[in-house]
1. If I model a spin label as a point 7 Å beyond the Cα along the Cα-Cβ vector, how far apart are those points for B:E370 and B:Q279 in nm?
2. Whole angstrom only: what separates the Cα centroid of segment B:344-409 from the Cα centroid of segment A:69-119?
3. I need B:C435, A:C15, A:C34 ordered by Cβ neighbour count within 10 Å, fewest first.
4. Using 1/(1 + (r/R0)^6) with R0 = 60 angstrom and r between the beta carbons of A:E81 and B:H188, what's the FRET efficiency to the nearest 0.05?
5. Can you work out the Karplus-derived ³J(HN,Hα) for every residue in segment A:74-87? Use 6.51 cos²θ - 1.76 cosθ + 1.60 with θ = phi - 60°, whole Hz, and x for glycine or proline.
6. Most exposed first by the Cβ proxy, i.e. fewest other Cβ within 10 Å, how do A:S71, C:S162, B:S179, B:S310 rank?
7. Does segment C:197-272 come out rounded, prolate or oblate by the C-alpha gyration tensor, with a ≥ b ≥ c the root eigenvalues, rounded set by a/c under 1.5 and, if not, prolate when a/b is larger than b/c and oblate if not?
8. By the gyration tensor of its Cα atoms, with a ≥ b ≥ c the square roots of the eigenvalues, what is the shape of chain B: rounded for a/c under 1.5, prolate for a/b over b/c, or oblate?
Amino acid sequence: MENKELICVNCPMGCRITVTLDEGRVIDIKGYTCEKGKNYAAQETVRPMRVLTSTVRINGALARVLPVITSQEIPLDMMEEAMEAVRMLTVDAPVRVNQVLIPHFLGTDADLVASRSMKKI
Amino acid sequence: MYDVVIIGAGITGTMLARDLSRYKLKVALIDKENDIADGATMANSAIVHTGYDPEDGTLKALLNPEGARIYDTLLDDLGCRYRTAGAYIAACGPEEEAHLDVLADRADRRGIPYEWLTGDEARRNEPNLNDQVTKVLNFYTTKIIYPWEVAIACAEVAVGNGVELYLNSPCTGIDKTESGYTVHTPEHDFETKLIVNAAGVCADQINAMVGKPRFEMRPKKGEYFVIDNNVHYVDHIIFPVPSAKGKGVLAVPTVYGNTLIGPNSDYIASTTDTGSSFQGLDYVRTNIVRIMKNAPLNRSIRNFAGLRPSSSVSDFIIEEAADAPGFVNAASIESPGLASAPAVSKYIIENILRDKLEWTENPDAVMTRERPVVMAELSEEERAEMIRKNPLYGRIICRCEQISEGEIVDCIRRPCGAHTVKGVKKRVRPGMGRCQGGFCEPRVLAILARELNISPLDVVLDSKASRILCQENR
Amino acid sequence: MRNYQAVIIGGGSAGLAAAVTLKQKGIEDILVLEKDGEAGGILNQCIHNGFGLQTFKEQLSGPAYAERFEDQAEQLNVEIKLNTMVTGLNAQRQITYVNPDEGYVTISADAVILAVGCYERSRGAVEIPGERPSGIYTAGQAQRYLNIDGYLVGKKVFILGSGDIGLIMARRMTLEGAKVYGVAELMPYSNGLPRNMKQCLEDFGIPLYLSHTVTKIYGHDRLEGIDIAKVGPDRKPVPGSEIHFDVDTLLLSVGLIPENHLGDEAGIEMDPRTRGPVVDESYMTGIRGIFACGNGLHVHDLVDFVSLQAARAAEGAARYIREGEPEGRTVNTAAGENVLYVVPGKIHTDNVPGHTEFFFRVRKPMDDAVLTVRAGSKVIRTVRKKKLIPSEMERLLLTQKQLTGLEGDLVIEVREN
């Protein structure tokens, strides 16, 4: 059994939440004031998840780079691997916002998508 | 074989280069930096003093009033911006008032106009003048200028008339030859009859390459605040009564509506230490209150430090070195060096170089420069016409100072044109405003890369090694 | 001279939201003037997520958030002039703009909405002494180079100021292979949102030095290093506490200032605390028919509130265009104890249109505080707050009834329990 303390970042309240783990399994959560905070704390102590935003090279647009985003959170521990994949990717204009560039990004449930539209020139 | 190699492209060197370019002479102007006017000319109070301050019998007393008189027509000839702002010397109490009498006496003998104001009269014109000020001497013909603009204009004229400009050319050694000297720089050697040493804070080092200098440079650092041009603080230049330490902490309006507050002066630095310091800025902060109130230092958009090329000799040193014939020092050109520069140049030609060269006027020489297009200075009709001819004049790059892409492109393409971000800033002023380039610098960088046909990675801020971007990302 | 019903200066998040709302309110003859080559403003370079939680209940990137509004504006046929810089504004609501196609043009408008955004405090404004090499950027400048132009500014980075853009850039540059050595914050608390502290610094083990500042810059050409030092309660460096970092890059994230030179030119009264115009509950400035919103009014931490306020400014402008100025007495609002500023700065107390929302920031972090709104000695509302921090803008709603017939300044103050 171990206790992990964290401060919730979902809203300005900044609740101090204590998560009790037993061999990596969450068995108790204390100190949260909303469901969102509870879920956050559970996930954060087991495997933190983050949205990744970056840019990829784009050909045929006014700009050299296109901003991209994961359609949902991916594990924080996969960021390095994720950046490798982002660096390798080149796309061609035109691109629509939310257009999927890499489906099931690194085998997760998230897609890597364009986070804006870019016209072809 | 060159007739003259001028070492140092500051206000002294460029002014001389321009004057020499009137004649059929082979002249090289060399500088160690990546642009003209990167030393003391870039960082000073930007005032054309009228010449009341120097002690009698000095070169300063001879050349300052004459230099100021030459500027009366020179600034228009060179298409440079200036304003005759007038300088208030503000005395607090009888002791300082007595010193004003000394200045007025000198001014009388040197033919410099002035007027007396009571403290209250002065405060009516300058409400931020401190209540302790009892009497003011107004040297109303004192001008403010953009010093580097004048140096750049002189260099443009000189280069237009055939003077060769070599930047990034530090003088690494000088050899005596039969007919003169060889000046070594990393990329070129210059065989020359004569050398003029206008190397600012490095003048003693250059002199030491040919002989034993009779002076030692002791650069004095001056630190300033620059106040946002939406704060209207002073109309006139406002000085305390000068003391042994120098002209004191001043409030100076600039030609584009900012205010300089500074400098400190009691600090002696190395020739490369142009950094500002907490102590220096604190000195300015605590001493401006001697003559001023409501100093808007919280509206500072920038602080900077400059090195005054002062030396162990209290006067200008303008002479042929005793142990090196044909090597001419124009050294220790500290304040009022900017105001004196046109007369310094004339003095060098008339009194030192006159007998050493053949002086044939070049009939094709053009001694004037047309002012570059400044959209903000044009009438509505003129602006419309400019944009019709070139739409880039309608694309504003610097939002603080409202400078168009057309003006930026012009300053890159001109002779002695800008090839650095700071070079563009010096010539047409994007980045001089309250955002200090936060908004426009990436745009200026892109324009430089395009116009110079180089990678954005190779665009520099100022010196050759001052890259702005580190690598392509993707 | 061409007259529009409304002209909006700025096509960023505030300007687009104002334009959309004006059209929705039936004000058809409007024009947006945008200095850049595309609409969206600073959002275009804010490629990180976290935008739109309030407005769209989604976590969008900055460009995606802007695109939602651009699409709406397009559907509503909002006319946007791009590459168009406004160079003049006067109290008669005459606007001079310039662009490459038309040159300088002067137009007028029944209502003008200032949505001009803000600029970053520069090195000069925070007084960092030392040399002036390359390698020193505002965080937003580095962000633009990276996210729009596609260039990394440096590899060994230190950040002064814990503002959100600096924190976001710490993460972004780390992910791009730069080493971020730390963030120094002059104040004893962070100026960024807690979420950014966690996800941009802690996630990557980047140290935060509270009560520290940069005291020295090294390097004549490109930045070679910096010293930071601890500051005392007077915020002056403590000698001997210096720590040196060999870095080639220093980012400044030391605050944003509303861009108000047009407002100054028109003679609009400014609030010295926000450094933006003083506005009433309809977001009208002291000059009839000129409204202000967005970061040009006061600096926001969430774009959602920018859009919200801009929509209210547009509602105010629409009402003004139809009905003229609100009449009756006004009272000023004031930032009381522990409050940095309050927007709006004045309100009408006779004909209050519905609820009025007040936006304010506290001066220091506070736990378990009581917020009091009073007019003179009369307490109008008290609210208990579990946690207040300067980096998060607070909102407070007062009803028509609470505001009607008030006497004396309306003061918002906060005390710790």
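No lab work stands behind these numbers, since they all come straight from the coordinates. It should be emphasised that the depicted structure is a prediction, and the values quoted were computed from it without experimental measurement. A quick note on method: Cβ atoms are made from the backbone with ideal geometry, for glycine too, and the neighbour counts reach across all protein chains shown.
1. With each label point 7 Å from Cα toward Cβ, the separation is 5.2 nm.
2. If you average the Cα positions of each part, the centres end up 51 Å apart.
3. A:C34, A:C15, B:C435
4. Plugging the Cβ-Cβ distance into 1/(1 + (r/R0)^6) gives 0.65.
5. 10, x, 4, 6, 9, 4, 4, 4, 5, 5, 4, 5, 5, 5
6. Ascending Cβ contact count within 10 Å gives the list B:S179, A:S71, B:S310, C:S162.
7. Because a/c hits 1.5 or more and a/b exceeds b/c, segment C:197-272 counts as prolate.
8. Because a/c hits 1.5 or more and a/b fails to exceed b/c, chain B counts as oblate.
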